[in-house]
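The values are calculated or read from the model by the stated rules, or taken from the named source; none is laboratory data. Every value quoted in this text rests on a predicted model; they were computed, and no experiment measured them. Cβ: placed from backbone, ideal geometry, glycine included. Neighbour counts: every protein chain shown. Just so you know, the surface numbers come from the protein's heavy atoms only, side chains and all, with ligands and any DNA or RNA stripped out. Shrake-Rupley method; radii C 1.70, N 1.55, O 1.52, S 1.80 Å.
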Amino acid sequence: MEAALSPCLNTIKIKKMETQIAGEKVLNVTLLEPRLKHPTIFSWFDELSPGTGFTLQNDHDPKPLYYQLLGERGNIFDWEYLEQGPEIWRIHISKKPVDEKEETLGEIAAKDLRKVEVFKKYGLDFCCGGKKTVKEACRDKGLDVTKVEAELKNADKSLSTAPPLRYNDWELDFLAEYIQNVHHDYTRKVTPDLSSYSAKVAKVHGNRHPELETISGLVNDVCTEMASHMVKEEKILFPYIKELVKAKRTGKDFQKGPFGSIQSPISIMEQEHDVVGRKMDMIRVLSKNYTLPEDACASYSYLFKLLQEFENDLFVHVHLENNILFPKSLELEQK
């Protein structure tokens, strides 16, 4: 008798679990038998039209479902926590529009530099590694992608910084000038101190902290490489970009440079960015995220403070080039 009634009972439960909030369906899986929960959720998701969604309600965090959905359906959904316990968990699950492309770290940063703070918090490289999606970058570092995505969605609400500069809207010649006058000038100003203080601190504290010798060598490498790198940009690449913009404005024909396509010097600059970025990563690891030991003197403190400031500026510097200036210049040349 019970076996005969169970389909009817399940039908009643399914009807009860379907409610609506603000015109959108809510799936309350707490009313389902455990074996029916995931199949029902997947069925609901499969029935969604692109751009639509539903709210899932549960009595615990259904995070394993996120990874199952990602593995079995692919990166075609958005997942947003609306309520996170302790008694009720509500998640909005929607199917992405057909033509929606997953944004990369670089593209996200280009639209809103405030979200860079989230990337920096979790050690996600939005400069040299800016071509990865959030899911790919989190997977590579073993991070909880649902947590990172949630913080990115709330970044513009929670961060108290002023609205970011709209770098992505600037003309390319102006952006090149800005990079040179702000970031190149800063780099030239600060690198002599970085070199001298890293050598000084290594000499005084190297016996007790042998990693300082390696840090000093890496700092000198970075300073030397950046000096050569910036000259190439200012003498070759940036003038070429300005000529591209000028040709676009005037409608005159543009003759390509001796290197052929702009892709050639851009590839070299990106490779050099990657080399410097890896060395800065090594400095951060060796310094344990710029953690000062108990015997640190004023010079030691100043060196680590300066390194952090330099790294922060370098992040923005490389981001503006790799994720905005370079791809847009290449696109302009191809037109």
request  = Confirm whether Tyr302 is closer than 17 Å to Tyr186 by Cβ and among the hydroxyl-bearing types (Ser, Thr, Tyr).
outcome  = yes
ask   = For the range 205-214, how many residues are open to solvent by 60 Å² or more (accessible area, probe 1.4 Å), more than 10 Å from Leu286 (Cβ to Cβ) and in contact (Cβ under 8 Å) with a residue 24 or more places away in the chain?
value = 1
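Conditions (1) under 26 Å from the mean Cα position of the chain (by Cα); (2) closer than 18 Å to Glu311 by Cα; (3) open to solvent by 60 Å² or more (accessible area, probe 1.4 Å); (4) free of Cβ contacts under 8 Å to residues at least 24 places away in the same chain, marked per residue:
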residue: Lys203; (1), (2), (3), (4): no, no, yes, yes
residue: Ser216; (1), (2), (3), (4): no, yes, no, yes
residue: Lys232; (1), (2), (3), (4): no, no, yes, no
residue: Ile236; (1), (2), (3), (4): no, no, yes, no
residue: Glu243; (1), (2), (3), (4): no, no, yes, yes
ask   = Has the range 95-107 got at least one residue that is outside any strand (DSSP E or B), among the acidic types (Asp, Glu) and buried (at least 17 other Cβ atoms within 10 Å of the Cβ)?
value = yes
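Please return the ranges of helices (runs of 4 or more DSSP H) entirely within the range 154-268 where 1 or more residues are over 22 Å from Pro327 (Cβ atoms) and out of contact with any strand residue (DSSP E or B) (no Cβ under 9 Å at 6 or more places or on another chain).
Working: elements: 172-178, 185-205, 211-232, 238-250.
Once the helices (runs of 4 or more DSSP H) in the range 154-268 are filtered for at least 1 residues that are over 22 Å from Pro327 (Cβ atoms) and out of contact with any strand residue (DSSP E or B) (no Cβ under 9 Å at 6 or more places or on another chain), what remains is 185-205, 211-232, 238-250.
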key: the range 219-230, residues that are over 30 Å from Leu330 (Cα atoms) and crowded, with 18+ Cβ neighbours inside 10 Å   = Val219
note = Over the range 54-76, the set of residues over 30 Å from Leu320 (Cβ atoms), modelled with pLDDT under 85 and not in a helix (DSSP H, G or I) is Gly74, Ile76
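Residue check: is Ser49 modelled with pLDDT of 85 or more, under 23 Å from Glu72 (Cβ atoms) and assigned to a loop (DSSP other than H, G, I, E, B)?
Working: modelled with pLDDT of 85 or more: yes; under 23 Å from Glu72 (Cβ atoms): yes; assigned to a loop (DSSP other than H, G, I, E, B): yes.
It is true that Ser49 is modelled with pLDDT of 85 or more, under 23 Å from Glu72 (Cβ atoms) and assigned to a loop (DSSP other than H, G, I, E, B).
Just checking, which of Ile283, Ile268, Ile324 is among the β-branched types (Val, Ile, Thr), open to solvent by 50 Å² or more (accessible area, probe 1.4 Å) and modelled with pLDDT of 90 or more?
Ile268 is the lone residue from the list that is among the β-branched types (Val, Ile, Thr), open to solvent by 50 Å² or more (accessible area, probe 1.4 Å) and modelled with pLDDT of 90 or more.
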